[in-house]
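A short write-up of the structure that comes next.
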Amino acid sequence: MELEIVSKKENKLLGRTEITFRAVHEGERTPKRKIVRDQLAAQLGAKKGTVIVDGMNTNYGENVTEGYAKIYASAEQAMTVERKHILKRNADGEKKKEE
């Protein structure tokens with residue numbers, strides 16, 4: 001999977017960088033949020049806990065996914081600003097296995 005950053009915008013009021021990205025996944029299914037989040041963190045030099053993938057969309061029959069992600073200055077900032085259901089979607093899934 002190739003991950004390309006389409007736009008990058010600084011939002012100083014909320015202490016985050018807003019990213020629009022495009023993921024090309026020839027012959028593969030739509031990538032999971034965790035994989036996209038990990039690749040964005042590696043590509044931009046951010047910690048995994050500060051990257052939040054807000055949404056992804058793949059049109060029918062295409063091998064291209066477009067999405068929107070936010071990179072916060074700290075994990076605490078993400079917890080205070082971000083909506084709870086988005087935080088749950090971006091959790092690693094380890095908590096579900098323990099419960």
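The values are calculated or read from the model by the stated rules, or taken from the named source; none is laboratory data. As the structure is a computational prediction, the values presented were derived from the model and not from experiment. No Cβ is skipped: glycine too gets one built from the backbone with ideal geometry, and neighbour counts run over all protein chains shown.
Kindly indicate the residue of segment 2-29 that is β-branched (Val, Ile, Thr) and surrounded by 13 or more Cβ atoms within 10 Å (Cβ to Cβ) and also nearest to Gly67 (Cα to Cα) among those meeting that condition.
Taking segment 2-29 and keeping what is β-branched (Val, Ile, Thr), we get 5-6, 17, 19-20, 24.
Still in the list and also surrounded by 13 or more Cβ atoms within 10 Å (Cβ to Cβ): 5, 17, 19-20, 24.
Details: Ile5: 10, Thr17: 14, Ile19: 8, Thr20: 6, Val24: 11 Å.
Checked segment 2-29; the qualifying residue nearest to Gly67 (Cα to Cα) is Thr20.
Using the structure shown, decide if Gly49 is at pLDDT below 95, closer than 18 Å to Met79 by Cα and out of contact with any Leu (no Cβ under 6 Å at 6 or more places or on another chain).
On the way: at pLDDT below 95: yes; closer than 18 Å to Met79 by Cα: yes; out of contact with any Leu (no Cβ under 6 Å at 6 or more places or on another chain): yes.
Against the criterion (at pLDDT below 95, closer than 18 Å to Met79 by Cα and out of contact with any Leu (no Cβ under 6 Å at 6 or more places or on another chain)), Gly49 qualifies.
How many residues, within segment 1-56, are of a type in the set (S, T, N, Q) and touching a Ser or Thr at 6+ places or on another chain (Cβ under 6 Å)?
The qualifying residues number 3.
State all residues of segment 6-60 that are in contact with a helix residue (DSSP H, G or I) (Cβ under 7 Å, 6 or more places away or on another chain), assigned to a helix (DSSP H, G or I) and not hydroxyl-bearing (Ser, Thr, Tyr); if no residue qualifies, say none.
Arg33, Arg37, Asp38, Ala41, Lys48, Gly49
What's the total number of residues in segment 61-71 that are surrounded by fewer than 17 Cβ atoms within 10 Å (Cβ to Cβ) and either hydrophobic (A, V, I, L, M, F, W, C) or in a helix (DSSP H, G or I) (or both)?
The first filter runs over segment 61-71 and keeps only residues surrounded by fewer than 17 Cβ atoms within 10 Å (Cβ to Cβ), leaving 61-64, 66, 68.
Then drop every residue that is not either hydrophobic (A, V, I, L, M, F, W, C) or in a helix (DSSP H, G or I) (or both), which leaves 64.
Number of matching residues: 1.
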